[in-house]
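Just so it is clear, none of the values below were taken in a lab; they were calculated from the coordinates. This one's a predicted model, so the numbers in the text were calculated from it and none came from an experiment. Note that we place each Cβ from the backbone using ideal geometry, even for glycine, and neighbour counts take in every protein chain shown.
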Amino acid sequence: MDRKQIINDPAHGNRAEAFEAFDDIPTNPNLGNTIGDVINRRYGRRDVLRGVLGVTATTALFGTSALIAPGHARAMAEGDRFNFTELRWGNDQTHHVADGFDADVLIRWGDPVTADAPEFDVMNQSAEAQAKQFGYNNDYVGFAEIEPGRGMLCVNHEYTNEEVMFPGIGRQDRSGFEQMTRELVDIEMAAHGGSVFEIVRGEDGKWSVNRDNPNNRRITAETPITFSGPAAGHDRLKTSADPTGMNVLGTINNCAGGMTPWGTYLMAEENFHGYFWTDTLDAEGDPDLSAQPEAVSMERYGVPGRWYAWGKFHDRFNIDKEPNEANRFGYIVEVDPMNPDATPIKHTALGRFRHEGAETTVASDGRLVIYSGDDNRFDYQYKWVSAEAVTDENSVFGSSLLSEGTLYVARFNDDGTLDWLPLVHGEGPLTAENGFESQADIAIDTRMAADLLGATPMDRPEDAQPRGDGTAYIMLTNNSRRTPEQVDAANPRPESNFGHIIEIKEADGNHSATTGTWSILVKCGDPSIAEVGAQWNPETSEHGWFGSPDNCAIDADGRLWISTDQGSNWGLTGKSDGLYSLETEGELRGHSKLFFRCPVGGELCGPYFTDDAETLFLAVQHPGTDGTKDLVGFAKDSTFEDPATRWPDFDRNMPPRPSVVVVTREGGGKIAV
């Protein structure tokens, strides 16, 4: 299915679903060079697909949980480490949390962030107002503590759904953006980026926004940002507006992210390609890149996506006029939450790709490590390792720890071992003969460098969470385009609609190691349907299994929590997206329980725990749009006038509003004890 078919396909009835569908289009040309046949070389594909691997082989590839077949209960040697009563699955117009907890809406799209921001007037929106108000589609949530009960909340704003933001226009990518004006585009641009603002916990244990903190700020698609690292100042980053190649306006499609050990905020730029435009189309109506000097790179990155009309009104998003502008997006952006005068930095050393997140840890040898997935079908898992150890002196905004070091890409071997392959100019095939004149070219064309190294094409690697002990968890959301001939040990199911989770154990418990082992923690989906091939601990109930793992968090006691993003696969499960606890240790390894669920059409993002483990921040994105059906099961296109839900206001004059939710235990105390 090509881009035009996706846009016009009724099955993809809203912008969020269309984005998921575009991710179905692989841009990796090297699928013949996968470790595809890996598992066949060792065991034979028929045996794998029929689920008849022997005990030794199964343990090596999938971990101890694979020895437990779904539906066959057995005695558990350990108790449940997540002491809450499981929530029942379902799908309705509001959010739900497990008994004994409160889930309060903290801030909604349009709420004032700065002291001089106007109150939200949905019928009289403006870019000027939106640039001071909470942005749209909140995704990553981070927290920089100032003192107990007070800190700066850092929230990404991934993208906009104009059909429920603005009255009377509907889906614009279906209609050729006929009703999109410069004014509406500028509002969209102001709704992207991030929000940084102070929150305070009151005596009643409830959190609220302090609008009066002068550090409160919005970061948008127009915020001045600078570059660091090997690509900073390179010719391929120079434009007519920035002949130095050192400065760029804005950050876009900020999906997941991370917080550094020194309290700065990392914003990951994911699907940046979708914002670029061209007026040069071929006979089929697709972008014609034949005259583009960056054609090969653009093709590998999916530029231009033409998801938005920005390039009709802003030349910098039109590749016909500014072909280098796309090279200036797809990075990790560092923000200082405590200093609104500090210019954010795009760290090019961390690579350019569709970054899902930037989760950090300090390795046992003292070096900074950042895990980041490239969220596209058949793309790769990466990690960054700093050259120096983390010290008091370099634990600062703009630290060399984010510009001096080595970027690695993962190869998952058939024997359950893992190799991290260095993306270093002059090593192996990364030479001028293969198109890489310097480390700058590797930073700009990271995907193409990883292709040459033979990294493992994955089932949409999204969030990756290190635990600090050399263990990391990789969320593989789904891959409906993987054929039976393309399955491999790390991606074992063809046409996987439900995804899986990989557990990495780095060598010697050191996150900076270049080798390790891996196993599959769970294979997601309904375990009662044999052909799905799901794999859970047998104690997992009908409420506890899930599909499409996306973001994750590890609480203060090392327990794993998973949020989901099913997109158009909502209809395959009947469940709304939500937050699940997932046991990683002992006899209950692979056991999942539902803790929170979204209103209809919402995707759950975040999650983030405060250091005292007494507060959990969650972000409900695009409520009422994603995979939406009405309450009797029929497909429904949500609009401003007729959304599937009006969460969280339930005001007939207000559309659904993406919002951050704060979860606390009734009466206080840790979320899980």
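For this structure, a couple of remarks:
- Ratio Rg/Rh, restricted to the chain and using Cα atoms, in which Rh is the Kirkwood radius: 0.93
- Distance (nanometres) between label positions extended 7 Å along Cα→Cβ at Phe101 and Asn653: 3.5
- Remark: relative contact order (the chain) = 17 percent; criterion is Cα-Cα distance under 8 angstrom and separation of 6 or more residues.
- Taking amide H positions as modeled 1.01 Å from N, with prolines and chain starts lacking one, the residues under 5 Å from Asp463 and 5 or more places away or on another chain are Met475.
- Inverting the pair-averaged 1/r between distinct Cα atoms of region 527-673 gives 16.3 Å as its Kirkwood hydrodynamic radius.
- Rule-of-thumb Rg ratio for region 87-135 [Cα; 2.2 N^0.38 Å; N residues]: 1.61
- Inter-part distance, region 551-608 to region 384-431, computed on C-alpha centroids, equals 29 Å.
- Formal net charge of residues neighbouring Thr406 (Cβ-Cβ distance under 14 Å; K, R +1; D, E -1): -3
- For Glu222, the residues 5 or more places off, or on other chains, whose built amide H falls under 5 Å of its own are Thr251.
- Region 579-623 shape via C-alpha gyration tensor axes, a/c threshold 1.5: oblate
- Look at where the Cα atoms of region 189-248 and of region 279-314 average out, and the two centres are 27 Å apart.
- Average Cα contact separation per residue, region 354-395, under 8 Å, 6 or more apart, as relative contact order %: 35
- Region 464-515 - percent relative contact order, Cα under 8 Å, separation 6 or more: 41
- Among the listed pairs Lys321/Lys346; Lys132/Lys206; Lys346/Lys575; Lys312/Lys346; Lys505/Lys593; Lys575/Lys670, those beyond 30 Å (Cα-Cα): Lys346/Lys575
- Label-point gap, in nm, between Ala283 and Asp80 - each point 7 angstrom along Cα→Cβ: 6.3
- Remark: the Cα gyration tensor places region 450-536 in the oblate category, a/c being 1.5 or greater and a/b not exceeding b/c.
- Note on the chain: helix-only mean residue ellipticity at 222 nm, from DSSP H runs of 4+ residues weighted -39500 (n - 2.57) and normalised by residue number, equals -2500 deg cm²/dmol.
- Label-point separation, Asn124 to Glu203 (7 Å along Cα→Cβ), nm: 3.8
- Stretch in the chain that is longest and holds no trypsin sites (Lys or Arg not before Pro) that DSSP places in a loop and that have at most 14 other beta carbons within 10 Å: 207-651
- Gyration tensor (alpha-carbon) shape descriptor, region 163-233, a/c threshold 1.5: oblate
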